[in-house]
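What follows is one structure encoded as structure tokens, with my remarks underneath.
The values are calculated or read from the model by the stated rules, or taken from the named source; none is laboratory data. Keep in mind that this is a model prediction, so the values were computed, not measured. Methodologically, a virtual Cβ is constructed for each residue, glycine included, from the backbone with ideal geometry; neighbour enumeration extends over all protein chains shown.
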Amino acid sequence: MASIPLQPPARPLVVRFGAFGDMVLLTALIRDLHAQFLCPVDVLTSGPWSRPLLEGQPGVGEILSLRSRKTPYWLAPDQWRAVGRLRARGPGPTWLCDDDDVARALLSRAGINPAWIVDVRDHHRLPEEHATEQWRRLARTLPAAWGASPLPGVPSELRGCELQVSAAQQADLDAWLRARGLAGEPLLLVQIGNKRTMRRGTKRFAVNHKFWPNERWAEVIRQMHRDRPRHRIVLLGTGPEYALNEALAALAGIDGIHNAADDLPIPRLVALLARADSLITVDSGPAHAAAAVGCPQVVLFGKALPSLYRPWGTAGSDAIVLTGELAGRASMMGLEPPAVIRAWESLRPRRSKS
């Protein structure tokens, strides 16, 4: 196929409507596209986490964010604005990283010819291939419209996801730590919740494959405190997880626990992960963010496959994955506190930032 001339701005566009962890993993794709095209990579996404997570990250250009991609188009002014902006920027190489038809329809409304689109549905994940490796492989796949034209740059050699903490994030975190009496204190982080625990009622636990009982978490936290009595233990989460953390803190019954779920916007969370000595967490978005900033961690997996979704960051920090089994099936409920404690005690320290 003959090359279709690029029109300004001819910047790569990545389309991904993913959860927090999905967007952290996507940084592997953005990094490689940025390295190959030597220009910013624009992102069409959704959710309240994508913009504060990606804004200002190396290689990230304009972020077009939708409140909801599921709202019918004729009722969604945010979709109208996104389509208008895509039309204004002109067609160019586009990586469609979702497997539903909503994003494809938006690209069609924006006038982006299918010949410009690399669709993830045409490039399925290989057996045992980690999610970030799939994205790196996709970044090396060019749209048919590009033809044989050479790229100005080459893919990055880095593997895994990566986030950087800005000076503004560091300053915000410093002020926050001072306000909470944590300035200068060594920190250990614990993330017990996930998006299912934010649902209301007891049903949030019935189908939650990432739920681990508070009694087991309390045993782990008490041992963390015994091992490192000078450290402060900070419980992570979002607003709806605050009450869950409070119940855990009361059950643990020790000093030095701080529930931060009421005041952790994503930029502050990322900076906190970059500052802390370690994290124990369920398989979650913060686990991927921790790997992306080099925080050593122990991760409890439920039904998800660690080979595909284990936290993997370019900093190469320790990420010990634990899996359990119950009644012959993969289950987090098959994990006992002593195994988690042993794994945490064996973590290699964070690499020096010098």
| request: Identify the residue in segment 45-63 that is in contact with a Ser or Thr (Cβ under 8 Å, 6 or more places away or on another chain) and either at positive phi or touching a residue at least 40 places away in the same chain (Cβ under 8 Å) (or both) and, among all such residues, is surrounded by the most Cβ atoms within 10 Å (Cβ to Cβ). | output: Gln57
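For Ala35, state whether it is more than 19 Å from the chain's Cα centre (by Cα) and modelled with pLDDT under 95.
Working: more than 19 Å from the chain's Cα centre (by Cα): yes; modelled with pLDDT under 95: no.
Spelling it out, it is not the case that Ala35 is more than 19 Å from the chain's Cα centre (by Cα) and modelled with pLDDT under 95.
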| task | Within segment 313-351, track down each residue that is in a strand (DSSP E or B) and either under 15 Å from Lys210 (Cα atoms) or hydrophobic (A, V, I, L, M, F, W, C) (or both). | result | Ala319, Ile320, Val321, Leu322, Thr323, Glu325, Leu326, Arg329, Ala330
| said: Pairs needed: first member in segment 268-288, within 16 Å of Leu182 (Cβ to Cβ); second member anywhere, β-branched (Val, Ile, Thr) and at pLDDT 95 or above; C-beta distance under 6 Å; at least 6 residues apart or different chains. | reply: Ala271/Val165; Leu273/Val293; Ala274/Val165; Ala274/Val293
| field | Members of segment 25-43 found to be under 30 Å from Gly237 (Cα atoms) and touching a Phe, Trp or Tyr at 6+ places or on another chain (Cβ under 8 Å), listed by number | value | Leu25, Leu26, Ala28, Leu29
